[in-house]
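Report on one structure; see the data block that follows.
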Amino acid sequence: MAKAIKKVGVLTSGGDSPGMNAAIRAVVRSCAYHNLECVGIYRGYEGLIEGDFVSLNARSVKNLINRGGTFLKSARSPEFRTKEGRKLAIDHLKKAKIDALVVIGGDGTFRGAIALGEEFNFPIIGLPGTIDNDINGTDFTIGYDTALNTVVEAIDKIRDTAHSHNRIFLVEVMGRDAGDIALSAGIGSGAEVILIPEQNMGRDRLVASLKRNKKSGKTSSIVVVSEGDKVGKNIFEVAEYIENNLDGYEVRVTVLGHVQRGGSPSCRDRVFASRLGVSAIDALLKGESNVMVGIKDNKVVSVPFIETIEGENEIDTELIRVADITSI
Ligand code: F6P
């Protein structure tokens, strides 16, 4: 029979995302509700390897739900990718009498969890925390909604100046290899063209599309470029290419960068993170392990870690159609 869970560790790992604090808060308070002890682990797997722990109670997480970033801090840990690193981690967990872990992060975090769970048969639940929305098995990830709002707010401002000067703006957004941020923020900001890695448009079709826009009477254009897109990797070169192949337009580039990772989480992210934090402890108490808790069709679901990181990022083809139609 599985060992009863009395003490839970929680950590955030990989790129931070708005709403991680809300998720930690929900985990900690859910532990308090169920009379479990809770331990915060600083700097993700790095802190786990070093035994950098802090005891948390319901009051430790006050005034946190509205704060961006993660108060437990985050890191990407190369050492945790080694068996020796993971052995140090498990020794610290045993020494601190921690019976189970909740890890909040993206695919790298889940890969680490799979290795630790398999090698030491340790109960772990994952929560999807990344702005990229690139985790299979959940409709959204914690921080994605806030990042979208940040991008849309920025592009609204860029549109003002693009319109005043009759310019084309290339706006690079994050997402690593996934085009979700670009596609949804592109639709939400009324972008003329959206470049995503899942659908390779290339420079020539981009220029052709901008020419069509001009012909149809548009005097400025916003092109949202996902950083993972082939064109996105050389955005300044592309700007030059457009200027050389399209008369009458100046082109400017804005790389939004890490501003997309910060800021106070949206209400949607706060509620989402709170639901997931509570569900993570429910899952542990039901004896679940090696799964991510996510939301599918507005219902809490448990998905084996391995399924969350398999295959390519799936892009919503209906959204692509909406973008195509609404940008003519
Ligand atoms: O995974 C989140 C993310 O912000 C990606 O969108 C981006 O490619 C990457 O992290 C940037 O990583 P770093 O903060 O380590 O530069």
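Looking at the range 257-288 only, could you name the residues that are under 15 Å from the mean Cα position of the chain (by Cα), among the aliphatic types (A, V, I, L, M) and buried (at least 17 other Cβ atoms within 10 Å of the Cβ)?
Hits for the range 257-288 are Ala273, Leu276.
List every residue pair whose Cβ atoms lie under 9 Å apart, where the two residues are 6 or more positions apart in sequence or sit on different chains, the first residue falls within the range 151-164 and is within 13 Å of Ser220 (Cβ to Cβ), and the second residue, located anywhere, is open to solvent by less than 70 Å² (accessible area, probe 1.4 Å) and in a helix (DSSP H, G or I).
Ile155/Ala185; Ile155/Gly186; Ile155/Gly188
Here is a yes/no grid of residues against (1) hydrophobic (A, V, I, L, M, F, W, C); (2) in contact with a strand residue (DSSP E or B) (Cβ under 8 Å, 6 or more places away or on another chain); (3) farther than 26 Å from Gly311 by Cβ:
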site	(1), (2), (3)
Ile114	yes, no, no
Thr130	no, yes, no
Thr138	no, yes, no
Val151	yes, yes, no
Asp160	no, no, yes
Gly188	no, no, yes
Glu192	no, yes, yes
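When you scan the range 179-198, how many residues do you find that are more than 19 Å from Asp145 (Cβ to Cβ) and open to solvent by 10 Å² or more (accessible area, probe 1.4 Å)?
Summing the residues that are more than 19 Å from Asp145 (Cβ to Cβ) and open to solvent by 10 Å² or more (accessible area, probe 1.4 Å) in the range 179-198 gives 3.
Of the residues Ile320, Ile281, Ile328, Ile295, only one is modelled with pLDDT under 95 and either outside any loop (DSSP other than H, G, I, E, B) or among the β-branched types (Val, Ile, Thr) (or both); which? If you could, list the steps in order and put the result at the bottom.
On the way: Ile320 fails: modelled with pLDDT under 95; Ile281 fails: modelled with pLDDT under 95; Ile295 fails: modelled with pLDDT under 95.
Criteria check complete, one pass: Ile328.
Looking at Met201 and the list (1) among the hydrophobic types (A, V, I, L, M, F, W, C); (2) surrounded by fewer than 20 Cβ atoms within 10 Å (Cβ to Cβ); (3) closer than 30 Å to Leu36 by Cβ, which single condition is not satisfied?
For Met201, the failing item is (3).
Arg176 - would you say it is assigned by TED's automatic domain parsing to the domain that holds Val231, surrounded by fewer than 24 Cβ atoms within 10 Å (Cβ to Cβ) and within 15 Å of the ligand (Cβ to nearest atom)?
In short, yes.
Let's see how each residue does on (1) open to solvent by 40 Å² or more (accessible area, probe 1.4 Å); (2) within 16 Å of the ligand (Cβ to nearest atom):
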| site | (1), (2) |
| --- | --- |
| Asn133 | no, yes |
| Gly137 | no, no |
| Phe140 | yes, yes |
| Gly143 | no, yes |
| Asn149 | yes, yes |
| Glu153 | yes, no |
| His165 | yes, no |
| Leu170 | no, no |
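Just checking, how many residues over the range 13-63 are hydrophobic (A, V, I, L, M, F, W, C), assigned to a helix (DSSP H, G or I) and open to solvent by 30 Å² or more (accessible area, probe 1.4 Å)?
Within the range 13-63, residues that are hydrophobic (A, V, I, L, M, F, W, C), assigned to a helix (DSSP H, G or I) and open to solvent by 30 Å² or more (accessible area, probe 1.4 Å) number 1.
Name the single residue that is nearest to Gly188 (Cα to Cα) among those in the range 99-109 being away from the ligand (no atom under 12 Å from the Cβ) and crowded, with 24+ Cβ neighbours inside 10 Å. Let's see the steps before the verdict.
Let us first name the residues in the range 99-109 that are away from the ligand (no atom under 12 Å from the Cβ), namely 99-104.
Narrowing the set further to residues that are crowded, with 24+ Cβ neighbours inside 10 Å leaves 100-104.
Working: Ala100: 40, Leu101: 37, Val102: 33, Val103: 31, Ile104: 28 Å.
So, considering only residues that are away from the ligand (no atom under 12 Å from the Cβ) and crowded, with 24+ Cβ neighbours inside 10 Å, the one nearest to Gly188 (Cα to Cα) is Ile104.
The values are calculated or read from the model by the stated rules, or taken from the named source; none is laboratory data. Since this is a predicted model, take the numbers as computed values, not measurements. Don't worry about glycine lacking a Cβ; one is built from the backbone with ideal geometry, like all the others, and counts go over all protein chains shown. Keep in mind that these areas ignore ligands, DNA and RNA; they rest on the heavy atoms of the full protein, side chains included. Shrake-Rupley method; radii C 1.70, N 1.55, O 1.52, S 1.80 Å.
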